Each structure stands twice: as C-alpha cells, then as structure tokens.
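Scroll down for the structure; my scribbles are underneath it.
The values are calculated or read from the model by the stated rules, or taken from the named source; none is laboratory data. Everything numeric in this text was worked out from a predicted model, so none of it was measured. With ideal geometry, Cβ positions are generated from the backbone for all residues, glycine too; neighbour counts draw on all protein chains shown. Surface areas here come from the heavy atoms of the whole protein model, side chains and all, with no ligands, DNA or RNA. Shrake-Rupley method; radii C 1.70, N 1.55, O 1.52, S 1.80 Å.
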Amino acid sequence: MVQVSDEETEAAKDSDAGLKSKKRKKEVNEKEFHVKQEKEMKRLESFLFGNLYSPVVFGKEEEDKTEEEALFVTDRSGIKGINSDEDVESDQESGDEIELKGRKPAWVDEDESKITVDIAKLNRLRKLRKGEEETSILASDYVGRLRAHHLKLNPEPDWVKVRPRYGDGSDSDNEFAGDLYADGNDDLLRTNEDIVVNHGVKLLPGILEFSRLVDANAEDPSNGPINSVQFHRNGQLLLSAGLDRRLRFFQIDGKRNTKIQSMFLEDLPIRKASFLPDGSQVIAAGRRKFFYSFDLEKAKVDKIGPLTGRDEKSLEVFEVSPDSSTIAFVGNEGHILLVSTKTKELIGTMKMNGTARSLAFADGGRQLLSSGGDGHIYHWDLRTRTCIHKAVDEGCMTGHSLSTSPNGSLFAAGSDSGIVNIYNKSEFLGGKRKPVKTVENLTTKVDFLKFNHDSQILAVCSSMQKNSLKLVHIPSYTVFSNWPPANRPLHFPRCLDFSPGGGFMAVGNAAGKVFLYKLHHYQHA
C-alpha cells in the first residue's frame, strides 16, 4: 500500500483551490461582460429609437451624454437658437426649403471642368467658335454655346414671352418687377445668347451660311448669256447685261426684285457693263470700236468712239478707276488705253510686252495692274504712266484675270490653266515672287476674279465648265466646302458681284439668269 505524505496532500489541496478561484474569476468576468454588453445595447437602442425600450433614469443623463457625444457629433453651426429636438427638426426643414429655393444643382459633374471638346474638327461645330484660332473648349462652355446657338436658331415666339411675376403678387413686388423691366433687363434675364456667343466681324472658314433668294432678274430674264452683273453703290440697284444687247436695272429687296428699266443697244452685244464708282454713269462695251455711256441722272445715252488715233476693233475688256476719273481699255498688241470719264477722250497709252488681257486698279486709282500673254504681272504708276515693277506670275503661261482687294494688301491673278495665285502686294513689289496661296480648285481658264467689300471672300470663276465657281476664305485661304450648292447647280457661271455691304451676292450665268443669294454673316446689303 502506497502511503501519501502530508506535504503531497497539502500541495494537492492548494492546486484545487487555485483552480476553483480562477474558475470563479472567469465566471465573474463573463457576467460583467454580458452585463456591460446588454447595457451598451440598450443604450444604443435608446439613442436610436428613443426612450421606448429604456425609460430615462434621472441622475444618469450626464454620463450618457458624455458617452454619446464621443460617438456622435451634431453639426449645429448653420442653425441658430436651438432649444430642443423639435427646434432642430424645424430648423433643418427650413434649411432644406432655403436650399431648394436657391435651386442648387442636385449633382455636379466634376469632369466638365476637365474634359475638352474639339469644335474645329467637325464642320457642324465650327459655328460655335468665337474666333478662327479657337480649336477646343471646356465641356461646360460647350454646353452653354450649344444652348445659345439653339436659342438663336429657335427664338421664343411672342406669345410665349410673358413677364414673370415676383413674390406673392403684392404691389411692392409688381413695382420691383416693373423697375427691373424698365431698366431693359428683360432680355438679359431671359437668355444668355449675347453673353455666350459674341459674333465679331470676322468671317469663319469652312462653312458659308447663305440662302437662295428670288432670282435678281426673275421679272425679265435675259435671252442670252449674262456677261455682267453689278450692284450700285446704294446696294439696292443692280444692273445686268449680256449678249441680248439689253441693259436691265432691278431694285433688289430679295423678295420681288422689281424691274426698274431696260435699255436696248441695237448695235452692241454687251461683253461688259459697269457703274462708275460714284454711281453717276454706266459704261457698256463689246466687240466693237466704240462703247456707250449712260448717264443715270439725265437718262441720256452717248455713243463714244472710235478713239482718236487708235484702230482697235474691240474695247470689250476695261476697268474703271476707284476715283471714277479714268477708264482703262485693253488695246491691240499689248497697249493699254486710258480714257477720261469726263471728256471721254484718250488721255494716254501704255505698252506691255506681249498681249494685254486683264486689268485691275490699285492704290485708289493711282496704280494699275495688268497681265497677259507673256505670263508677267505689271505694276504701272498712272501719274507718270511708267512701269514701276514687273515680275513673273508663278506657274502661269498666260494671264487671263486680275483682282485687287479693297484694303489694298492683296491681289489675285488667274491663268489659262485654272491656277489662281494670291499675292501680298507689298511683298511682291519688294521682290518676293512666291504667292501666299495657290488655289488649284479649277481646271479650266479662270476668266473672272472678285474680292468682296471687306476682303474676306475671293470669288474664282471659270465660264468653261459647269458649277466652276469657288469662294475662297481670306485670310485662311481655304475654299468654302458647301459652295457651290450641290442641290442647285449654277449652270455655266460667267460673272459675279457682291453688294457694297456684303449681304447680297449675284451670279450671272450662260442661261440668262442672275441668281441671288443672302450671305448671313453680313447684316447690310
């Protein structure tokens, strides 16, 4: 039998007591944990759902309050004079109403301030540009310009434009509204069109905005090809002339274009007719030794010629100086004939190398440009009647047309191959023979060139092919892509003119019609 010593017995008793004490401590800790957990759950329920599940015990509010503030913080910076929970709720509701009245956006796309839209790549978006150098804009600006363009194309009808009422309809509110509209702010508050879109005087390239009007000579069409169309300086009178030997005058309004007068010149199939720049006379010439002068004020027709000392059989090519003092005719064997508009007498001649085919005045009538069979461009000083400069027209064998811009900075030269060279006049006279732009859109002889009044459009025409009329945008030197119109052919165009204010453009063709167009960029005829 194994005997257990007293020491071993005491050690066993001590170990059992230690285990029991640890067990009791564990149970106490578990009970305290469950109590604290239950208490915390009830506190949260009371906080979230009110005092329904845990009635308020006085004396413990301060403890709970400090614990709640540690977990949740109420922002009261925007609410004044809060005394109770109900006050907080009512003030929050009033804040919502104020925010709603301010009409703040419910959602703002932050990418609009980062995304850019290319408005120069697509033709239909180029109309949104404020300048031709602008290529891309922010998405927010793009939205604004689209809305402004929509308002421009689709204005509100008059019956929709009802003035809004302010406030609750009281007299004071109506007086405020009356003062507001009396100051002229009505239109400003209704639309942002003038703020977003600001049309300047610059014509943008790419697309030309135009519309077809009633034919200028619809009341009396010609029986033969139209060789000349020109607007009077007042912008309302248009002359047309052609091989049917008639001068016709029309009052242009774009709706009816009333015929005013016609004149039959029995012995002159008209190759060219032109107003004097001062508007007092009309000069008409053809393949004859003589020409006609028609005085508009006196309604008198004079037949002039042959010119003294000259045996020219044709005076069909001529130009009138901008100061209305001189008429320059193309003569035989490279001669240029200068005739006074007052006396209708020959006052001088100048001689080119080769044949002369085209003329154009420059520098207010003090200079004359000429070109012809030798492929050179001549600059003449009319005060001394000497050639001050001569240079080759690049790539040209025979020159057929010339035109100078009204601002005097450019001139254009057309050749028999369909090439049109545009030169900077000062650079050309300074020795730089390279054109600033070569237009190669035509393939047949260029027999007509014309700048508009502000030198932003150059018309390039060939009578040898159908629809061979192009409009070049200056200074980008690009051709308008939507001209000529595809749905309405021009037939064989022969001449063109812009009205003094640029609003109208008249095109005469070989079928005896004068098409009339409205250019929307320009507001005046």
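Observations
- In the stretch 125-141, residue farthest from the chain's Cα centre (by Cα) [restricted to those that are open to solvent by less than 50 Å² (accessible area, probe 1.4 Å) and more than 16 Å from Pro475 (Cα to Cα)]: Ala139
- Within the stretch 110-130, being under 20 Å from Phe480 (Cα atoms), in a loop (DSSP other than H, G, I, E, B) and either free of Cβ contacts under 8 Å to residues at least 60 places away in the same chain or touching a Cys at 6+ places or on another chain (Cβ under 6 Å) (or both) holds for Ile119, Ala120, Lys121, Leu122.
- Residue list for the stretch 270-292, filter: surrounded by fewer than 18 Cβ atoms within 10 Å (Cβ to Cβ) and either part of a strand (DSSP E or B) or touching a Leu at 6+ places or on another chain (Cβ under 8 Å) (or both): Gly279, Ser280, Lys289, Phe290
- Members of the stretch 201-218 that are aliphatic (A, V, I, L, M) and over 22 Å from Ile474 (Cβ atoms): Leu213, Val214, Ala216, Ala218
- First in the stretch 241-258 and within 13 Å of Lys518 (Cα to Cα), second anywhere and assigned to a loop (DSSP other than H, G, I, E, B) and open to solvent by 10 Å² or more (accessible area, probe 1.4 Å), Cβ under 6 Å, 6 or more apart: Ile252/Gln236; Gly254/Leu213
- When residues in the stretch 230-263 are screened for being within 21 Å of Ser462 (Cβ to Cβ), open to solvent by 10 Å² or more (accessible area, probe 1.4 Å) and not in a loop (DSSP other than H, G, I, E, B), 1 of them pass.
- One residue from Asp267, Asp295 being touching a residue at least 12 places away in the same chain (Cβ under 8 Å), closer than 30 Å to Val214 by Cβ and open to solvent by 10 Å² or more (accessible area, probe 1.4 Å): Asp295
- Top-ranked residue of the stretch 308-332 - restricted to ones that are outside any loop (DSSP other than H, G, I, E, B) and not β-branched (Val, Ile, Thr), ranked as nearest to Arg271 (Cα to Cα): Phe318
- Residues of the stretch 498-513 that are open to solvent by 10 Å² or more (accessible area, probe 1.4 Å) and touching a strand residue (DSSP E or B) at 6+ places or on another chain (Cβ under 9 Å): Phe498, Pro500, Phe504, Ala510, Ala511, Lys513.
- Taking the listed residues Lys390, Lys445, the one that is open to solvent by 50 Å² or more (accessible area, probe 1.4 Å), charged (D, E, K, R) and over 33 Å from the mean Cα position of the chain (by Cα) is Lys390, with no other qualifying.
- Test: residue in the stretch 465-477 that is open to solvent by 20 Å² or more (accessible area, probe 1.4 Å) and of a type in the set (A, V, I, L, M): no
- Restricting attention to the stretch 342-370 and to residues that are farther than 19 Å from Ser409 by Cβ and assigned to a loop (DSSP other than H, G, I, E, B), the residue that is least open to solvent (accessible area, probe 1.4 Å) turns out to be Met352.
- Any hit, the stretch 418-429, residues being surrounded by 14 or more Cβ atoms within 10 Å (Cβ to Cβ) and among the hydroxyl-bearing types (Ser, Thr, Tyr): yes
- Taking the conditions (1) within 33 Å of the chain's Cα centre (by Cα); (2) assigned to a loop (DSSP other than H, G, I, E, B) in turn, Thr384 satisfies each one other than (1).
- Val339 fulfils the conditions (1) hydrophobic (A, V, I, L, M, F, W, C); (2) over 27 Å from Asp497 (Cβ atoms); (3) surrounded by 14 or more Cβ atoms within 10 Å (Cβ to Cβ) except for a single criterion, (2).
- If you go through the stretch 363-381 and keep only what is out of contact with any Ser or Thr (no Cβ under 7 Å at 6 or more places or on another chain) and of a type in the set (A, V, I, L, M), you end up with just Leu368.
- Each residue in the stretch 199-214 was checked for being open to solvent by 30 Å² or more (accessible area, probe 1.4 Å) and either part of a loop (DSSP other than H, G, I, E, B) or among the basic types (Lys, Arg) (or both), and 10 pass.
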